[in-house]
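Working notes for the structure below.
The values are calculated or read from the model by the stated rules, or taken from the named source; none is laboratory data. Treat the numbers as computed from the prediction; the structure is a model and nothing was measured. Here Cβ is always computed from backbone atoms with ideal geometry, including for glycine, and neighbour counts include all displayed protein chains. Heads up: the accessible areas ignore ligands, DNA and RNA and are worked out on the full protein's heavy atoms, side chains in. Shrake-Rupley method; radii C 1.70, N 1.55, O 1.52, S 1.80 Å.
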Amino acid sequence: MNTVSRTLIAAAAGMALLGLSACSGNGSGEPTGNPTAPPEEKAIASFDPCTFFPAEELSSLGVSTQSEDGSVVQSEPGCEWQGEKMTLTLLKNASQTVESYETSGNWDSYSKKSIGGRSGAVAVESGATGQGGCTVLVNAGGGVAVYGVDGAMRDSVDACGEAEKVANQTASRLPE
């Protein structure tokens, strides 16, 4: 192989390496600007409702410090804490918001309001009016946190009052 051929091969190899390094983007080896890259994960996805409440807070609310699985559907994982007068539930949903729940849920009542400085709603599921249960929804981390209070008996607690109180006191700790 002559000198001219070696020079051309070396130049071509150098240009190829230069082209590859330009594709690497930010120097971290991670490509940038890839239109097929997965979207960023929502902050609510990594939020764990089961470890959200400190033990002291749970005790002050009159519920056990030991959580139990409170998930009813796969899209709303979370936990519940049993007490003598009520059960407290905290779930999350990464694919819904306070706004979308208003139209996708089946509610006897759904009142949008600020909860802990965030967009929220106090709701009673269809057929549950007067049954001692209430749900408070709060936008969090690109999804929604779902607080629930169910009285041990219909009149053992003001379920909506308790759920709203807990949500107002703790919503600032939810993911942004």
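Label sites at residue 152 and residue 66, each approximated as a point 7 angstrom past Cα along Cα to Cβ, lie 1.7 nm apart.
Taking a straight Cα-Cα cut-off under 13 Å and skipping sequence neighbours fewer than 8 places away in the same chain, the aspartates and glutamates within cross-link reach of residue 42 are 176.
Rounded to the nearest Hz, the phi-derived 3J(HN,Hα) couplings of segment 138-152 under the Karplus curve 6.51 cos²θ - 1.76 cosθ + 1.60 (θ = phi - 60°) are 9, 4, 7, x, x, x, 9, 9, 10, 8, x, 10, 10, x, 4, where x marks glycine and proline. Phi angles of segment 61-71 translate, via the Karplus equation with coefficients 6.51, -1.76, 1.60 and θ = phi - 60°, into HN-Hα couplings of 8, x, 10, 4, 7, 9, 8, 10, 4, x, 5 Hz per residue; Gly and Pro are given as x.
Taking Rh as the Kirkwood radius computed over C-alpha pairs, what is the Stokes-Einstein D of segment 58-127 at 4 °C in a medium of viscosity 1.567 mPa s, expressed in µm² per second? Here the translational diffusion coefficient equals 95 µm²/s.
So, for segment 84-153, what is the accessible surface per residue at a probe of 1.4 Å, expressed in square angstrom? Mind dumping the intermediate values first?
Working: 2880 Å² over 70 residues.
On a per-residue basis, segment 84-153 sits at 41 Å².
Rolling a 1.4 angstrom probe over segment 34-176 with all protein chains present gives an accessible area of which 47% lies on carbon and sulfur atoms. Gain on full extension, evaluated as 0.36 nm per residue between residue 55 and residue 109 minus their Cα-Cα distance, stands at 16.3 nm.
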